[in-house]
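Please treat every number below as a calculation from the coordinates, not as lab data. The shown structure was predicted, so the numbers you read here are calculated from the model rather than taken from an experiment. When we count neighbours, we look across all protein chains shown, and the Cβ atoms used for this are built from the backbone with ideal geometry, even at glycine.
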Amino acid sequence: MYYFIEEFEGHSLHQLMDLVDKNNREILEEYINCLEDNELIFWCNEEETKLFPKMKKKWASPSLISNAIIEFNHNYTYDIAMIELNELGCSYFQLRLGSIDLDVIACFTQFLAKLIQHCPNLNMFEVLLPHHSEVMDEMFLNSINKYVQLRCVTFYNHTIDLQTTVDSLCIKHRVDNLNNSQEKSAVSFSSFFLNSEFFFESRLRNPYYNGKVTIDIEGNIKNTINDMESFGNICSDTIISAINKPHFKTLWYSSKDQIEGCQNCEFRYICFDTRPIVFDQINNIYKSTTPCNYDPYTARWNLSTLKSHSELV
Ligand code: SF4
């Protein structure tokens, strides 16, 4: 169907019918009926077709850094890093806490006040932390839920899997620990993003790594938290100097077309997966260290690990 649409784009129905012989006319009608029944096409006159110019297959972003993950350490100050990230265009933050007590909650609320002050480009942020106790979790939530930019709080290592939404804030309880829940392949259709920006970015870049910077618990500046390689430390280096180091941006360009398996997957331009990848020098291809839940060669999901959409969103 894809090749059919690409080949005959811009043709009128009359032209299409003229192009095929009698034997194929029935098949052509079947194709067109299928597209129309599924509301993938509609009829318009030649003049109206000019209102639908071809989309440019381009992707560009004004931000050098679009998203940051910070493992919060209450012994560090993040002011300079926040100012820099804002200047680089960072609009999304994921903040991770290793544990909470009253001191950490106090330090973290101060951190958030500075984040709002230093980062006017901030669009949204989410927080991940281990479940402590119902009372302490509640206290933590009450200390931070005043920020409209806060979209999600996840309590991992919880006793139950539960998701609630209060106004625009999503509160998740997860039995999984952070590592299990954060690095995963596409798990179901919920891992897919159906929008043109994501699609065109994915043709050129890896949407998980692209524009991302992480600061681990010791202040190391990395591509992802679990990476061994550090490109600097916020105590002694600027973020711009770290991301300008050779190789920092290498994974940004590891598009799905260059990843074994994904390159043959029909979902490759809409799929968001966070598995670590390594470059195989011998075969000149990126490989993921964990298999995907979806097998593009049989077009089947691994049902033993497939979870429902509502659990995963
Ligand atoms: S194989 Fe397909 S579904 Fe799985 S991670 Fe790659 S692109 Fe996504």
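Its Cα gyration tensor gives segment 2-49 an equivalent ellipsoid, and the semi-axes of that ellipsoid, as √(5λ) in whole Å with the largest first, are 17, 14, 10. The chymotrypsin sites (Phe, Trp or Tyr not before Pro) of segment 1-74 that DSSP puts in a loop, and whose beta carbon has at most 14 other beta carbons within 10 Å, are Phe42, Trp43.
For Tyr156, the residues whose amide H sits under 5 Å from its own are Leu129, His131, Arg174, ignoring neighbours fewer than 5 places away on the same chain, with H placed 1.01 Å from N.
With pairing defined as another cysteine C-beta under 4.7 Å, the cysteines of the chain that fail it are Cys34, Cys44, Cys90, Cys107, Cys119, Cys235, Cys262, Cys265, Cys271, Cys292.
Each of Met1, Met124, Met82 was scored by other Cβ atoms within 10 Å of its Cβ. Arranged with the fewest first, they read Met1, Met124, Met82.
For segment 1-59, trypsin sites (Lys or Arg not before Pro) meeting the loop criterion (DSSP other than H, G, I, E, B) and having at most 10 other Cβ atoms within 10 Å: Lys50, Lys54, Lys56, Lys57, Lys58. Among Cys107, Leu178, Ser133, which residue has its Cα furthest toward the positive end of the charge dipole of the chain, with +1 on Lys/Arg Cβ and -1 on Asp/Glu Cβ? My answer, from the dipole projection, is Cys107. Packing here is the average count of other Cβ atoms within 10 Å per residue, and on that basis the peptides 247-258, 157-168, highest first, run 247-258, 157-168. 3J(HN,Hα) along segment 285-302, derived from phi through the Karplus expression 6.51 cos²θ - 1.76 cosθ + 1.60 where θ = phi - 60°, amounts to 8, 7, 10, 8, 7, 10, x, 7, 5, 10, 9, x, 7, 10, 6, 10, 8, 7 Hz, with x in place of Gly and Pro.
Ordering of 204-215, 261-272 by packing is 204-215, 261-272, highest average first (other Cβ atoms within 10 Å, averaged per residue). Between Glu9 and Gln281, the simple label model (points 7 Å from Cα in the Cβ direction) yields a spacing of 4.1 nm.
Note on Trp43/Asp295: beta-carbon distance plugged into 1/(1 + (r/R0)^6) with R0 of 35 Å gives a FRET efficiency of 0.35. Of all lysines in the structure, the ones whose alpha carbon falls short of 18 Å from that of Lys114, not counting any fewer than 8 places away in one chain, are Lys146.
The GluC sites (Glu not before Pro) found in segment 199-251 that occupy coil by DSSP, while having at most 13 further C-beta atoms within 10 Å, are Glu218, Glu229. Remark on Ile69: its backbone amide H falls under 5 Å from those of Gln94, Val213, Thr214, Ile215, a criterion applied only to residues 5 or more positions apart or on other chains, H modelled at 1.01 Å from N.
For Ile285, the amide hydrogen comes within under 5 Å of the amide hydrogens of Asp280, counting only partners 5 or more places away or on other chains and with H modelled in the peptide plane.
Here the Karplus relation 6.51 cos²θ - 1.76 cosθ + 1.60, evaluated at θ = phi - 60°, turns the backbone of segment 161-169 into coupling constants of 9, 8, 9, 10, 10, 10, 6, 9, 9 Hz, with x for every Gly and Pro.
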